[in-house]
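Asker: My structure is below; once you've seen it, I'll send some questions.
No value in this document is a laboratory result; all are computed from the given coordinates. Remember, predicted model here, so these are calculated numbers, not experimental data. Don't worry about glycine lacking a Cβ; one is built from the backbone with ideal geometry, like all the others, and counts go over all protein chains shown.
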Amino acid sequence: VALGTPTTADNCSVDSVVAQVNGADIDPVTFEFPLGDTTVTWIVTDGSGNIAQCTQTVTIIDDEDPTITCPADITVNADAGLCSASNVDLGTPVTNDNCGVATVLNNALEPFALGQTTVTWTVTDESGNTATCEQIITVVDGELPEIICPPAVTVNVDPGTCEATNVDLGDMDVQDCTDVIITNDAPSTFPLGDTTVTWTVTDLAGNAETCEQLVTVEDNIPPTFVEALPTDTTAECDNVPTEETLTATDNCGDAIVTFEEVRIDGSCVSNYTLERTWTATDEGGLTTVHTQTITVEDTTPPAFVERLPDDITVECDAIPVPETINATDNCSDATVTTEDVTIDGPCVGTYTIERTYTATDECGLSVSYTQTINVEDTTAPTPVETIEDNITVSCTDIPEVPDVQFEDNCSTDIIVVFNEVNGFDDTVFQDYQIVRTWTVRDACNNEETYTQTLNVLLDEIITQVNGPDRCFDEGIIDLNEFLTSENKEGTWELIEGDPTAELNGNIFNPTTLEPTLDFLPNNGDSIDYLFRYTGLDSGCINITEVTIRINPDCVVLPCGDTDVVISKALTPNGDGFNDSFDIMGIDLCGFTANVKIFNRWGALVYESSNYTLGEEQGSWRGDAHKSSIGSAGKVPNGTYYYIINLENSGLAPFTGPIYIGTK
C-alpha cells in the first residue's frame, strides 16, 4: 500500500521518521493491511531525541465477487403414483472467495413438477459481494400407465351367420401423469369361439402397457329336425313299433341326432310307458329335443301247456306232490302256482284236499284248474329210531330210559304211555330184569306197543374214600358216615392196619392203641387202616373202601423228672426178675442216657453213652470192670452209686444208690 511520505520539520535537524501499527514498527512498503481500517502512527525524531507524531488511517475494502460452480443437472423419476418428485438430492455447489464465503443459498421448491425446473444457487461473501449459477432439475415419467382392460365380453352370433360384428368392447380404465394414446387389435368381425383382444396404452413419455380382453362369440341358434316327428300312441305289449330315424340341420355346421329310450314301469312288466327322445345337437352344443310317448298294454291271459291231473284217493303219507304244470303268455313269463285247501274229515289223517293250479302272467292275468284228492289214515305211529328189544347190561351201566320219539305218517297228535317193571331185590344177590314198554296211538286211533327188556348183571361198584387223618385218642369213628348209598345194611371188615384197634360192625375204635417206639407223637409216625364195606344198593353190589390214617399226635408222653423210674436193686441171676439195671417210664421220650456206676470207693465200674431204656432192657447186669474185684465176671455184692444224664431232656442228672446181690 503506498502510504505516502509525511511532511516533517525541525528547528535543528530530523533524525528519523518511522511508521508504527499497534506500537510496532512496520515497513510501509511490505506491510499487509487487513480488510477494514488500520491506524498507522508516524513518529519523527530530531537529532536531540525530541519526537512528534501523527496518525494516518488506512482503509482496505473487498470489491471482488466470490465464485460458484453449480452441481450437475439432475434427471429423476417422478415419485411412485405421483406426477412430481420430492426429496431430490440436488448436490452441493463449489464456491470460493478471496476473503470468505458468508452464505450459499438456492431457490428450489419441492415437489418438483413433471418436466424441467431451473434452480438458482447464490453465494455471498463476507463483504456482500455475490455470484450465481443455475442447475436444471428434470422430472421424467418413468412409470408405466396403470390400465384395466374392459371385462370379457360374450355375444351371440349375428342372425343367420356364425360370427358377430359391431361388438361393444367397453372402455379402458387408465391412470397416468400425461395424456395417453389407446389402441387395440380387435377385428371388425369376430368368429365363433374365443378371440383375445390386446389393448395398448402409451403415455407422452413413451411408456407403454398392454392388457388382454377375451371376446367370446356363442352360437345360440339350435338345430332343426328334417323329418316329420312321430306322435304319441298306445300299443299292445307284443306289437310295440320300432323307433324312427331322424336327421337335423344347423346354421353353423353339422348337427347329429342321438336317440334314447326310457322305460317307465307301470303296474306290471307288460304294462309300461316308453319315452323315446331324439336330441339334435350342433357343433356348439345347442340341442333341439323331441319326445314321443308310447303307452304299452297287456290284455291277454296265459294258457296251460300240459294235461291237467285227475281226481284221486290216497293214503295220508302218500299224498302226491303237485304236478309240474307250465303255462305260456303272449308278452311275458307265466308262473303256475298251486294252492291246497283242506276240508277236515273225522280225524286228522282223513280229509279232502282241493288242489288248485293257477297260471298267472307278470301282469296278473290268470287262469285256474282244481283237482280233488281224498286222503285216508290206516297206520299206527312208529319210533323215529329203532328200539333195541333185548339188551344185556351191567348194573353199573344201566342205560337211561331212551327218549324215544315217535312219528306218525299222518299227524303229530301222538299219545305215548310208558311203563317200566324193575325185578331188582335188594335182599338177593342175583341178576335181574327191567322191562320197558311204550304204547302209542295216533289221532285216528291206530295203536301199537313196543317193548325193551334189560338183562341186568349184578356187578360190583367199588368206591374208594380217603378219610381224614385222626389221632387214636380222639374217639370212635362211625364208618357208615363215609357211605354215599342209602342202604347201609351191608358188612364192614378190616383189610389193613393194626388189629389192636377194634372194629365192631360199622364202629371203629382206635383208642385201644398205645404209643410205641414206632408210633410216637409228633414224629411223623402213623398207621394206615383200610376198611371194606360190602352191600346192595341201586341195583348193584356196593363195595366202599375207606382209608384212614391214625396218628398219636394228640398224646403228650410222660417225660418229666417224676416220670423217671430207676432200679433200686439188681439180682442178675437169670430168674427174669431184677436181672438188669433199668431206667424206665421215659423209654418213648427219645432221650439218650449217659450212665456211670461207681463202687463205694468211687471207682468207675460201668459206663455207657447210649444206655438202653425200658423195663428189663438195661445193658448193665452187674458185669465187673476189669479194675474191680469180684468173681465170675460180676461185681461183689454191695451198694453202688449211679449218675444218669438224660441228654436233650432239660432234666437235671439223676444220682442214687443201687444194691447188687449177685448170689
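Asker: So how do Phe472, Phe190 line up by other beta-carbon neighbours within 10 Å, fewest first?
Answerer: Phe190, Phe472
Asker: What is the chain's relative contact order, in percent, from Cα pairs under 8 angstrom and six or more apart in sequence?
Answerer: Answer for the chain is 5 percent.
Asker: So for segment 224-297, averaging the separation of alpha carbon pairs under 8 Å that are six or more residues apart and normalising by length, what relative contact order in percent results?
Answerer: With pairs under 8 Å counted, the relative contact order is 35 percent.
Asker: Can I ask one more? Counting only residues 5 or more places away or on other chains, whose amide H sits under 5 Å from the amide H of Asp158 once H atoms are built in the peptide plane?
Answerer: Glu163, Ala164, Thr165
Asker: Quote to one decimal, in nm, the extra length available between Asp73 and Ala652 on full extension: 0.36 nm per residue of separation minus the C-alpha distance between them.
Answerer: The Asp73-Ala652 span can extend by a further 194.2 nm.
Asker: Can you pull out the chymotrypsin sites (Phe, Trp or Tyr not before Pro) in segment 345-417 whose DSSP state is coil and whose Cβ has at most 14 other Cβ atoms within 10 Å?
Answerer: Taking segment 345-417 and a limit of 14 other Cβ atoms within 10 Å, no loop chymotrypsin sites (Phe, Trp or Tyr not before Pro) are found.
Asker: If I compute mean projected area of the Cα convex hull in nm² from the structure I just sent, which labelled value in (1) 121.6; (2) 38.3; (3) 40.0 lines up?
Answerer: (1)
Asker: While we're on this one: Return the unpartnered cysteines for the chain, using a Cβ-Cβ cut-off of under 4.7 Å.
Answerer: Cys12, Cys54, Cys99
Asker: If you take every DSSP beta bridge whose two residues both sit in segment 460-551, what share of them, in percent to the nearest 5, is antiparallel?
Answerer: Percent antiparallel among DSSP bridges in segment 460-551 is about 70.
Asker: Size of the dipole of segment 382-457 about the Cα centre, Lys and Arg at +1 and Asp and Glu at -1 on the beta carbon, nothing else charged, in debye to 20?
Answerer: Using Cβ point charges on Lys, Arg, Asp and Glu, segment 382-457 gives about 140 debye.
Asker: To the nearest 0.05, what FRET efficiency results for Glu354 and Thr439 with a Förster distance of 22 Å applied to their C-beta separation?
Answerer: Efficiency computed from Cβ-Cβ geometry: 0.05.
Asker: How big is the antiparallel share of DSSP beta bridges in the chain, given as a percent to the nearest 5?
Answerer: Once the DSSP bridges in the chain are tallied, antiparallel ones form about 85 percent.
Asker: For Gln617, what residues show an amide H to amide H distance below 5 Å, using hydrogens built from the backbone and excluding near sequence neighbours?
Answerer: none
Asker: At R0 = 60 Å, how high is the FRET efficiency between Asp575 and Phe429 if r is their beta carbon distance? Nearest 0.05 is fine.
Answerer: It comes out at approximately 0.50.
Asker: Cross-link partners among aspartates and glutamates for Lys634, C-alpha distance below 14 Å, same-chain residues fewer than 8 apart left out?
Answerer: Reachable aspartates and glutamates: Asp579, Asp623.
Asker: Expressed in nm to one decimal, what extension gain is obtained for the pair Asp413 and Tyr659 from 0.36 nm per residue of sequence separation less their Cα-Cα distance?
Answerer: So the chain would gain 77.7 nm between Asp413 and Tyr659.
Asker: Oh, and also: May I ask what percent, to the nearest 5, of DSSP beta bridges between residues of segment 67-140 are antiparallel?
Answerer: 85
Asker: To continue, here is another question. Going through segment 525-592, which chymotrypsin sites (Phe, Trp or Tyr not before Pro) have at most 14 other Cβ atoms within 10 Å and a DSSP loop state?
Answerer: Passing both the DSSP loop test and the Cβ count: Phe577.
Asker: While we're here: With a Förster radius of 60 Å, plug the Cβ-Cβ distance of Thr451 and Ile256 into 1/(1 + (r/R0)^6) and report the FRET value to the nearest 0.05.
Answerer: Efficiency for this residue pair is about 0.05.
Asker: For Val44, what is the net charge nearby, where nearby means another residue's Cβ is under 10 Å from its Cβ and Lys, Arg count +1, Asp, Glu -1?
Answerer: -3
Asker: Length gain on complete extension for the stretch Glu474 to Gln56, per 0.36 nm per residue less the alpha carbon to alpha carbon distance?
Answerer: 133.6 nm
Asker: Then there is this: Give me the one-decimal Kirkwood hydrodynamic radius in Å for segment 146-218, with the sum taken over alpha-carbon pairs.
Answerer: 13.1
Asker: When only Cα pairs under 8 Å and 6 or more residues apart are kept, what is the percent relative contact order across segment 210-345?
Answerer: 22
Asker: Could you compute the net charge surrounding Ala248? Neighbours are other residues with a C-beta less than 10 Å from the C-beta of Ala248; K and R count +1, D and E count -1.
Answerer: -4
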